[in-house]
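The values are calculated or read from the model by the stated rules, or taken from the named source; none is laboratory data. Fair warning: this is a prediction, and the values are worked out from it, not measured in the lab. So basically every Cβ, Gly included, is an ideal-geometry build from the backbone, and we count neighbours across all protein chains shown.
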Ligand SMILES: CC(C)(COP(=O)(O)OP(=O)(O)OC[C@H]1O[C@@H](n2cnc3c(N)ncnc32)[C@H](O)[C@@H]1OP(=O)(O)O)[C@@H](O)C(=O)NCCC(=O)NCCS
């Protein structure tokens, strides 16, 4: 699905934006980042190329149930967030996943900003009332940042935590200003 909206804000004084990712936004750095991630992006193919990633984004654009957004720090694309199960007719909450492919941007709060911005984008544009996410139990930073913006653990199994956000509980990080 293509959603025309854009979220713009400041984080630590930097201009940041989140909007739908287009095929022409695919960069070598993004593709290299996908190929380097072996632990936590479970649905991606083993080997990604620029053309396979462009094809992947084109498929998402045609799919009413999915969306993929990019997060830009100034002009630099640093991360992506995907949304699935977007058709509210199913009665199930959409699910999101996040990926900061530029490792220089990890461990500084960008993950939290990405989840907040993606949730804000879906709530604003699709009026969703809740959002879900799951992560491996060993992915402590992922769990920590989802909890920081208002998600709660709703269930767990041997390997995963399953979290849910009630849209009214989305908490804007203090470092975000408009
Ligand atoms: C997961 C990922 C998005 C994290 O990004 P990040 O920018 O490093 O995350 P942040 O810095 O915003 O937040 C990490 C939070 O977890 C906390 N955290 C980090 N390591 C932790 C640990 N070992 N135990 C508990 N909390 C931890 C941090 O303190 C931080 O919270 P704070 O901002 O309140 O201090 C990034 O590593 C990534 O893209 N990984 C690959 C893909 C992936 O795992 N996606 C998630 C799948 S659901």
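Per-structure values
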read-out: Pair list, Cβ < 7 Å and 6+ apart or interchain, from region 57-72 residues that are surrounded by fewer than 13 Cβ atoms within 10 Å (Cβ to Cβ) to residues that are part of a helix (DSSP H, G or I); value: 58/23
read-out: So residue 106, is it surrounded by fewer than 18 Cβ atoms within 10 Å (Cβ to Cβ) and at pLDDT below 95; value: yes
read-out: Scope region 3-20; condition in contact with a strand residue (DSSP E or B) (Cβ under 8 Å, 6 or more places away or on another chain), surrounded by 12 or more Cβ atoms within 10 Å (Cβ to Cβ) and not in a strand (DSSP E or B); matching residues; value: 3, 5
read-out: Residues of region 21-60 classified as touching a strand residue (DSSP E or B) at 6+ places or on another chain (Cβ under 7 Å), in a helix (DSSP H, G or I) and within 15 Å of residue 101 (Cβ to Cβ), total; value: 3
read-out: Hits in region 4-32 - residues which are at pLDDT below 95 and either within 18 Å of the chain's Cα centre (by Cα) or under 14 Å from residue 82 (Cβ atoms) (or both); value: 4, 5
read-out: Region 68-97: number of residues that are farther than 18 Å from residue 167 by Cα and touching a strand residue (DSSP E or B) at 6+ places or on another chain (Cβ under 8 Å); value: 11
read-out: Test result for residue 89, away from the ligand (no atom under 13 Å from the Cβ), assigned to a strand (DSSP E or B) and either crowded, with 17+ Cβ neighbours inside 10 Å or at pLDDT below 95 (or both); value: no
read-out: Restricting region 126-147 to residues that are more than 18 Å from residue 94 (Cβ to Cβ) and touching a strand residue (DSSP E or B) at 6+ places or on another chain (Cβ under 8 Å), the residue that is surrounded by the fewest Cβ atoms within 10 Å (Cβ to Cβ); value: 137
read-out: First in region 109-130 and away from the ligand (no atom under 16 Å from the Cβ), second anywhere and in a helix (DSSP H, G or I), Cβ under 7 Å, 6 or more apart; value: 123/167; 128/88; 128/122; 128/167; 129/167; 130/167
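Yes/no per residue for (1) farther than 13 Å from residue 72 by Cα; (2) within 13 Å of the ligand (Cβ to nearest atom):
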| position | (1), (2) |
| --- | --- |
| 3 | yes, no |
| 8 | no, no |
| 34 | yes, yes |
| 46 | yes, no |
